[in-house]
Amino acid sequence: MYEGALQDLIDELGRLPGVGPKSAQRLAFHLLASDPADVRRLADALLEVKLRARFCVVCGNVSEEEQCRICRDPRRDEALICVVEEPKDVVAIERTREFKGRYHVLGGAISPLDGIGPEQLRVRELIARLNDGTVTEIILAMDPNIEGDATAAYLTRMLVPMGLTVTRLASGLPVGGDLEYADEVTLGRAFAGRRSAQ
């Protein structure tokens, strides 16, 4: 245990996802040894992202405007929506350059153990987007794990009766993995070979 401000910094860094106690300590000592101008840039970037970044009112992706650049792009296919768990998944899919439709970010996956059900996700917003009849296919691009499978199954049961084509990404992604860590070739093949979720 350290004193005062240093221990406070270690504690706060340790609250970040994926940062354990040793990593938090390493980061804190790195910042302590860094040039004050570098630390100020980091602090300014943290404050700036909280002031300027928001979520797109249409799809839930991260944006600095009311709508993200993908929702504003008239060249994107409005009949095709790819449903993902998190904004980082949009970035992973965009890197493949395979998908030309629009997105819907749920904000997570169904996980009863963590107290996350469909009500905590952006499912209502997805259904609202489907009311005008423009969308003909929904691609479910959840992480290939228990929570992702549960979310995809729930959405499939809800969307198929609406007369929509519902597909899932093809195999090629490792079970238990995250879309964020898949390479472009693997993710591109999985996207091109998607299958029916029924």
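Computed from the coordinates by the stated procedures, all read-outs in this text should not be read as laboratory data. The structure presented is a predicted model; accordingly, all values stated were derived computationally and were not measured. Counting neighbours? That spans all protein chains shown, and the Cβs are built from the backbone with ideal geometry, glycine included.
So here's what we get for this one:
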quantity	calculated
Neighbour net charge for residue 136 - beta-carbon separation under 11 angstrom, K R +1, D E -1	-3
Tail fraction, Cα-Cα pairs, the chain, threshold 20 Å, whole percent	63 percent
Lysines whose Cα lies under 30 Å from that of residue 100, excluding same-chain neighbours fewer than 8 positions away	50, 88
Global form of region 121-160, assessed from the alpha-carbon gyration tensor, a/c cut-off 1.5	prolate
Order of 34, 111, 196 - criterion: other Cβ atoms within 10 Å of each residue's Cβ, fewest first	196, 34, 111
Residue 6 paired with residue 184, simple spin-label distance in nm, labels 7 Å along Cα-to-beta-carbon	4.4 nm
Under-5 Å amide H pairs with residue 62, H placed in peptide plane, nonlocal only	56
Mean projected area (nm²) of the alpha-carbon convex hull when region 40-127 is viewed from all directions	7.3 nm²
HN-Hα J in Hz across region 142-149 - Karplus 6.51, -1.76, 1.60, θ = phi - 60°, x for Gly and Pro	7, 4, x, 9, 4, 5, x, 5
Region 1-52: radius of gyration over Cα atoms, expressed as a fraction of 2.2 N^0.38 Å	1.18
Sequence of 35, 178, 77 once ranked by neighbouring C-beta atoms within 10 Å, starting from the fewest	35, 77, 178
Residue-averaged [θ]222 nm for the chain, counting only DSSP H segments that reach four residues, each worth -39500 (n - 2.57)	-13000 deg cm²/dmol
Helix 4-14 vs. the chain, principal-axis angle (Cα, 0 to 90°, nearest 10)	20 degrees
Separation between Cα centres of region 18-52 and region 134-191, rounded to whole Å	35 Å
Relative packing of 118-129, 60-71, 138-149, 4-15, which averages over residues the other C-beta atoms within 10 Å, highest first	138-149, 60-71, 118-129, 4-15
Sequence ranges 154-162, 19-27, ranked by mean other-Cβ count within 10 angstrom, highest first	154-162, 19-27
